[in-house]
1. Per residue of segment 13-19, in order, report the coupling 6.51 cos²θ - 1.76 cosθ + 1.60 (Karplus, θ = phi - 60°) as ³J(HN,Hα) in whole Hz, putting x for Gly and Pro.
2. Please give the per residue volume of the convex hull enclosing the alpha carbon atoms of segment 267-363, rounded to a whole number of Å³.
3. Could you tell me the relative contact order of segment 158-249? Use alpha-carbon pairs under 8 Å, at least six residues apart, and round to a whole percent.
4. How high is the relative contact order of the chain, in percent, with contacts defined as C-alpha pairs under 8 Å that are six or more residues apart?
5. Can you list residues whose amide H is under 5 Å from residue 112's amide H, if they're 5+ apart or on another chain and H is modeled 1.01 Å from N?
6. What Kirkwood hydrodynamic radius, in Å, does segment 1-151 give when the mean of 1/r is taken over all pairs of distinct Cα atoms and then inverted?
7. Please state the equivalent ellipsoid semi-axes for segment 125-263: what are the square roots of 5 times the Cα gyration tensor eigenvalues, largest first, in whole Å?
8. For segment 80-189, taking Cα atoms only, what is the radius of gyration to one decimal and the Dmax to the nearest whole Å?
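Nothing in this text is a laboratory measurement; each read-out follows from the coordinates by a stated rule. Computed from a predicted structure; not experimentally measured. Note: ideal-geometry Cβ built from the backbone for every residue, glycine included; neighbour counts use all protein chains shown.
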Amino acid sequence: VLLDVASEHVVAIVGKRGSGKTHTLGVLAEGLALGSNGDRRKVGDERAVAVLLLDTLNIFQWMHIPLGTARGSLAETQRNLLRKWQLEPAMISPAYWHVGGYEAAHADSRPFTLRPSNLTPQDWGFLVGTDIATQPMGQLLVAAYEKVTSTGWKRGPGTIRPNKAYRIEDVIECIEESEELGREFVPETRRAVKQRLGSFVRSGLFSPEGSTFQELLRPGGLSVLLLARVPDNVRSLVTFLVIRRLLEERSAASEATKAAEISGRAMPSGTVPKAWVLIDEAQNIMPSQGSSLANDVLTRFVREGRNFGLSMAISTQQPSAIDSRIMAQVDTILAHTLTVRQDANYVLANMKSLEPKDVAFGGRRVSLSEALRLVGVGHCVVSSVDSERTFFLEVRPRLTTHGGFGA
Ligand SMILES: Nc1ncnc2c1ncn2[C@@H]1O[C@H](COP(=O)(O)OP(=O)(O)O)[C@@H](O)[C@H]1O
Ligand SMILES: [Mg+2]
């Protein structure tokens with residue numbers, strides 16, 4: 001079974017723990033990175049699609065190890081499977097990234113840093129752990145942000161002019177020295193916000209320019225952002241920012257390309273490439289607090305992204321935790337084993353293609369819901385708007401080293 005990636009998709013891979021979701025996501029990543037004829041795509045080809053894998057569990061950090069030389073019984077099992085399927089191991093060299101300021105899980109990974117001016121007051125509130133509408137610390141953040149970025153503020157006899165490309169230090173300075181903020185907020189609130197912002201100045205998460213998509217996304221290449229060893233709020237924030245900025249920059253790039261086409265001018269160069277964003281266990285980036293922020297960002301991405309060459313594939317063991325607005329945009333569902341009735345019902349209610357009335361399974365006739373409970377590891381039910389009927393699929397073995405095992 002081939003997935004046509006000439007056009008954009010939103011793919012959901014669901015199933016209980018150990019049912020094969022990560023494996024399937026890896027197969028998709030391999031397919032995207034290897035191209036249709038199995039050879040490696042040329043990295044750097046401007047027309048090629050970039051693949052960004054947000055790895056919330058650091059499972060994909062061994063992908064570069066050629067399966068032929070990987071040791072251990074798991075690799076041996078994988079090689080045997082490949083022989084059975086008459087497939088050859090493949091080589092992919094992902095670019096690994098970790099979050100700036102946090103432990104590099106991978107010896108060859110580069111730090112991904114944020115640019116302060118890409119954060120909205122809401123993002124700052126989320127990072128600092130305060131609500132910008134109802135809590136004093138949040139209100140102070142908004143007030144200082146307004147002064148620093150749009151109105152400017154008075155310091156002694158002079159004024160500090162607004163600066164959209166601000167640094168965290170500018171916000172701290174404003175909180176320290178603006179008389180107006182001094183009158184409006186009690187010292188404890190100001191001290192608390194300054195302290196938290198100060199810790200981010202020192203953390204290494206931010207840098208003046210921040211990492212760019214030109215660095216992160218390689219047309220025709222795979223980038224793995226390792227997110228497991230960072231606190232939940234930072235992991236979520238990094239993910240929102242990446243997704244939101246990718247949408248903004250692709251929308252600009254796609255407009256520039258259209259303008260060039262229509263006017264016959266030269267195509268813009270150095271723009272952000274078309275991309276697939278893959279997120280394993282997507283519920284790990286859905287914070288319990290601020291989940292509406294995450295859902296809004298993801299919803300916008302899946303709704304608008306396809307107009308700008310953006311696709312997404314997420315896996316989750318909690319399908320009922322996927323916002324219904326996101327589920328409505330999914331065009332292809334790969335459902336591995338689902339044993340919780342609520343999850344199975346949610347998935348069945350969102351099927352994209354004609355369902356069988358009943359299924360012949362192990363010599364019995366069962367319902368689709370029952371089949372979802374019984375289907376084995378690595379097998380799944382596929383429902384796609386591009387397919388007239390729902391069908392069963394056995395996912396091929398991985399061509400690169402798979403780290404999705406409980407050690
Ligand atoms: N299609 C498949 N072919 C072979 N082995 C598979 C397949 N899918 C999953 N597995 C194996 O099953 C185990 C669990 O798969 P995994 O993808 O980690 O599950 P999940 O992400 O759903 O928890 C892994 O050891 C993996 O290698
Ligand atoms: Mg998994």
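1. So the J values, rounded to whole Hz, are 10, 10, x, 6, 4, x, 8.
2. In segment 267-363, the Cα hull volume divided by residue count equals 149 Å³.
3. 21 percent
4. RCO, the chain: 30 percent.
5. For residue 112, the qualifying residues are 98, 99, 100.
6. 19.4 Å
7. Square roots of five times the eigenvalues give 33, 21, 13 Å.
8. Taking only Cα atoms of segment 80-189, I get Rg and Dmax of 22.5, 79 Å.
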